[in-house]
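Report on the structure given below.
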Amino acid sequence: MGTLGTSVASSMEKTSHWIRGAVRALRRDGAPHTAPPGAGTPVAGTPVAGAPGAAPPHTAPAGTSPPDGALIARPADVAPVSHAALPADATGAVIIPAHNESAVIGRTLRSLAPLTALDGVEVIVACNGCSDATADIARGFPGVQVAETDEASKPVGLNLGDRMATAWPRLYLDADIEVHPTAVLAVFEALVQPGVLAARPRHVYDAEHATGPVRSYYRARSRIGGPASRLWGAGGYAASEEGHRRFAEFPRVTADDSWFDEQFSAQEKRVVATAPMRVRTPRDTAALLAVLTRQRRGCTEIGIPAQTASRGAALLASIRGPQSALDVAWYAVLTIASRGRAVRARRRGSGWERDTSSRVGIGSVR
């Protein structure tokens, strides 16, 4: 059966209470699960209220502006973005920590290319421990600055980029994330508003090449919802200069986005209603388990507890038919399996669990 099969099979017994709950939910009559009115049509650049209790996101209808955290089946499911001229007086920095990201760094930088034409905006790739062509590819993009260190560590890369940057605010962007320049500038604009210290653009999960179980997991996850101000799990987050004074530098933690989110109150954070950052999901369950294991291990490392009871109740409440019940079952199985793997990983002191599946077949050329 293999390691993955054994792990998933053993988790099935532990999730029997989830399945029984799903069956009970299926017996109830219920209206179809729909998005809240107006959720799919935000005004670009408008901050979303930074208070807990946001309505849960859902799978995005084709051709609309999806809500934060929605699942899309293909890129065409996101409404096209206007290509209006960018403001010449914009200021800020985009810092991209990268470790052996030659397969994706070109794609990320292509999406940011218009920003490099602005005198006040810096785009910095902080290569940490790279043994591939990441740095060379990044240097091939006009206006992109490249910093290098031999140490393979994302926090080291973040701090390296901070030392090179001079402009504020700053967006810290994962190397495999695409974001539209207007979204970046909308976040920078939000961060100059009084009291706003941290922010990010909206994001969507792109499952175009994912297997059925992976899509099920993300469909279930999108129904959980969560605080409207959460900054983690989206592939990027930003800070104003004042916000960055909360910490001298990024600590050596695995879940840097969760740690960053914990530095600010809900009232100090914003999720800005922009064209969404595109987060490609893992393609298969093995890759997804690697990502979930790292996330759980990272949260445990900084003392963030699992929210099993509240999430379980939200998931069961989201069931409206056989497909959503199957989604909940896959979510439960994969979550429990990843938590077991995270415990074992902490005991043996394993390194960074990485999703390589979403980086396959992309190519490293500009």
Every residue from the range 302-324 that is closer than 30 Å to Phe250 by Cα and among the β-branched types (Val, Ile, Thr): Ile302, Ile304, Thr308
Give the range 94-120 a look and list any residue that's in contact (Cβ under 8 Å) with a residue 60 or more places away in the chain, outside any helix (DSSP H, G or I), more than 20 Å from Phe250 (Cβ to Cβ) and not polar (S, T, N, Q), or say none. Ala103, Val104
Quick check, is Ala98 surrounded by fewer than 21 Cβ atoms within 10 Å (Cβ to Cβ) and hydrophobic (A, V, I, L, M, F, W, C)? no
Determine if the range 299-316 includes at least one residue that is of a type in the set (Gly, Ala, Ser) and crowded, with 21+ Cβ neighbours inside 10 Å. no
Return the pairs, sorted by first residue and then second, in which the second residue is among the basic types (Lys, Arg) and buried (at least 21 other Cβ atoms within 10 Å of the Cβ), the first residue lies in the range 253-282 and is farther than 16 Å from Arg202 by Cα and modelled with pLDDT of 95 or more, the beta carbons are less than 8 Å apart, and the residues are 6+ apart or on different chains. Asp256/Lys154
Which numbered condition trips up Gly233, out of (1) over 19 Å from Val184 (Cβ atoms); (2) in a loop (DSSP other than H, G, I, E, B)? (1)
Subset of the range 251-304, residues under 15 Å from Tyr218 (Cα atoms), in contact with a helix residue (DSSP H, G or I) (Cβ under 7 Å, 6 or more places away or on another chain) and assigned to a helix (DSSP H, G or I), comes to Thr285, Ala286, Ala287, Leu288, Leu289, Leu292
Could you tell me which of the residues Arg202, Arg219, Arg215, Arg223 is touching a residue at least 40 places away in the same chain (Cβ under 8 Å) and assigned to a strand (DSSP E or B)? Arg202
Kindly check whether there is at least one residue in the range 151-174 that is touching a residue at least 40 places away in the same chain (Cβ under 8 Å), in contact with a strand residue (DSSP E or B) (Cβ under 9 Å, 6 or more places away or on another chain) and acidic (Asp, Glu). yes
Flag if Ala210 is in contact with a Gly (Cβ under 7 Å, 6 or more places away or on another chain), assigned to a loop (DSSP other than H, G, I, E, B) and farther than 23 Å from Lys154 by Cα: no
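Here's the yes/no breakdown for (1) surrounded by fewer than 24 Cβ atoms within 10 Å (Cβ to Cβ); (2) of a type in the set (Val, Ile, Thr); (3) touching a helix residue (DSSP H, G or I) at 6+ places or on another chain (Cβ under 6 Å):
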| position | (1), (2), (3) |
| --- | --- |
| Leu173 | no, no, no |
| Ala183 | no, no, no |
| Leu197 | yes, no, yes |
| Asp206 | yes, no, no |
| Ala220 | no, no, yes |
Conditions (1) part of a strand (DSSP E or B); (2) without any contact (Cβ under 8 Å) to a residue 24 or more places away in the chain: number failed by Ala126: (2)
Within the range 171-178, does at least one residue satisfy the condition of being of a type outside the set (Ser, Thr, Tyr), farther than 30 Å from Trp330 by Cβ and either modelled with pLDDT under 95 or assigned to a helix (DSSP H, G or I) (or both)? no
Taking the range 317-350 and keeping residues assigned to a loop (DSSP other than H, G, I, E, B) and either crowded, with 17+ Cβ neighbours inside 10 Å or in contact (Cβ under 8 Å) with a residue 60 or more places away in the chain (or both) leaves Ser318, Ile319, Arg320, Gly321
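The values are calculated or read from the model by the stated rules, or taken from the named source; none is laboratory data. The structure displayed is predicted, hence computed values, not measured ones. With ideal geometry, Cβ positions are generated from the backbone for all residues, glycine too; neighbour counts draw on all protein chains shown.
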